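Asks: Dropping a structure here in structure tokens format, bear with me for questions.
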Amino acid sequence: MTSFTEENYLKSIYHLSEQKNGESVSTNELAEVTQTRAASVTDMVKKLAEKGFINYKKYQGVNLTDNGKQIALRVIRKHRLWEVFLVEKLGFKWDEIHDLAEQLEHIKSTELTDRLDNFLGFPKFDPHGDPIPDEEGNLPISQTHKLSEVEKGKQLIIMGVSEDSAPFLQHLDKLGLKLGLKIQVIEVSDFDKSLEIEIESGQALRISAEVSKNIQVIIK
């Protein structure tokens, strides 16, 4: 049985390792992301290593064992399924759900998780566009592109975001941009790379290069 704190560490190691293309994660990186003192991180890392969840050598960082990775993916699976539930069934906005899902992800019942998955229709991606692991820990493959890199004239569907901070998501809400929205790039500014897009209602919007590079789309 893993504790709330142990699961959070394993999840953090998984995310950091993914960002580093599978490289080992340093204790300093873990301390920063968990907002914990370095000495406390070292103590937890040693504990996780003793339980066989991670491989750890002093000064060489940590990486997950197969067992540790499966635990991390189970937590991530629950987190992302609960985010879908909170948005689709309870009407929360996508900038309101992360902290709630952080609490719900530690529920231990596998049966509850599987029933939730079935109830939601086996979604492949959460409201931010992140892939949801299946019960075996397998992740669906997403063929998405950054909006900033798509040629004008293409028919697109918004599938996710790379930036999930509340201010960014609130900004998208103000613009009327949301998951599943059909859009088309009309013009790309030579000066600042801002985009003019047309959404499915026919309305034209101007969005900055910073916004466009953090929106993930698929080409229809």
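Asks: Give me the number: length gained by fully extending residue 88 to residue 135, i.e. 0.36 nm times residue separation minus the C-alpha to C-alpha distance, one decimal in nm.
Replies: 14.8 nm
Asks: Next question, about the same structure. Could you calculate the FRET efficiency of residue 51 with residue 186 from 1/(1 + (r/R0)^6), where r is the beta carbon distance between them and R0 is 35 Å, rounded to 0.05?
Replies: 0.05
Asks: A further question follows. Sequence neighbours fewer than 8 away in the same chain don't count; with that in mind, list the lysines whose C-alpha is under 21 Å from residue 152.
Replies: 178, 182, 193, 213, 220
Asks: State which helices in the chain qualify, where a helix is a whole DSSP H run, it must extend 24 Å or more along its own axis by its Cα atoms, and its mean Kyte-Doolittle hydropathy must be at least 0.5.
Replies: Membrane-span-like by this criterion, though nothing is claimed about a membrane: none.
Asks: Using the basic label-point model (7 angstrom from Cα toward the beta carbon), what is the residue 198 to residue 28 distance in nanometres?
Replies: Each label point is offset 7 Å from its Cα along the Cβ direction, giving 5.2 nm.
Asks: Also: Of the peptides 55-62, 158-165, how do they stack up when ordered by the mean number of other Cβ atoms within 10 Å, highest first?
Replies: My ranking of the peptides, most packed first, is 158-165, 55-62.
Asks: What is the distance in Å between the Cα centroid of segment 146-220 and that of segment 48-66?
Replies: Between the Cα centre of segment 146-220 and that of segment 48-66, the gap is 40 Å.
Asks: Would you be so kind as to identify which of 65, 118, 94 lies farthest towards the positive end of the dipole of segment 27-118, taking Lys and Arg as +1 and Asp and Glu as -1 on Cβ and the Cα centre as origin?
Replies: Of 65, 118, 94, it is 65.
Asks: For residue 206 paired with residue 142, estimate the spin-label separation in nm (one decimal), with each label point 7 Å from Cα along the Cα-to-Cβ line.
Replies: Calculated label separation equals 2.9 nm.
Asks: List the residues, sorted by chain then number, that are 5 or more residues from residue 215 or on another chain and whose placed amide H is less than 5 Å from its amide H.
Replies: Those lying under 5 Å, H to H, from residue 215 are 147, 148, 162.
Asks: Relative to 2.2 N^0.38 Å, what does the C-alpha radius of gyration of the chain come to as a ratio? Two decimals please.
Replies: Compared with the compact-globule rule of thumb, the chain sits at 1.14.
Asks: If you don't mind, another one. Please list, in order along segment 146-158, the HN-Hα scalar couplings obtained from phi with the Karplus expression 6.51 cos²θ - 1.76 cosθ + 1.60 (θ = phi - 60°), rounded to whole Hz, x for Gly and Pro.
Replies: Calculated HN-Hα couplings, in order: 5, 4, 5, 9, 8, 5, 5, x, 6, 8, 10, 10, 6 Hz.
Asks: Of the lysine pairs in segment 10-110, how many meet both conditions: Cα atoms under 14 Å apart, and a spacing of 8 or more in sequence or different chains?
Replies: Qualifying lysine pairs in segment 10-110: 8.
Asks: Right, something else. What FRET efficiency, computed as 1/(1 + (r/R0)^6) with R0 = 35 Å and r the Cβ-Cβ distance, is obtained for residue 163 and residue 112, rounded to the nearest 0.05?
Replies: Calculated value: 0.70.
Asks: Under a point spin-label approximation (7 Å from Cα along Cα-to-Cβ), what is the residue 220-residue 40 distance to one decimal in nm?
Replies: Each label point is offset 7 Å from its Cα along the Cβ direction, giving 5.0 nm.
Laboratory data are not the source of any read-out in this text; all were calculated from the coordinates shown. Keep in mind it's a predicted model, so treat the numbers as computed, not measured. Every residue, glycine as well, gets a Cβ built from its backbone with ideal geometry; the counts of neighbours run over all protein chains shown.
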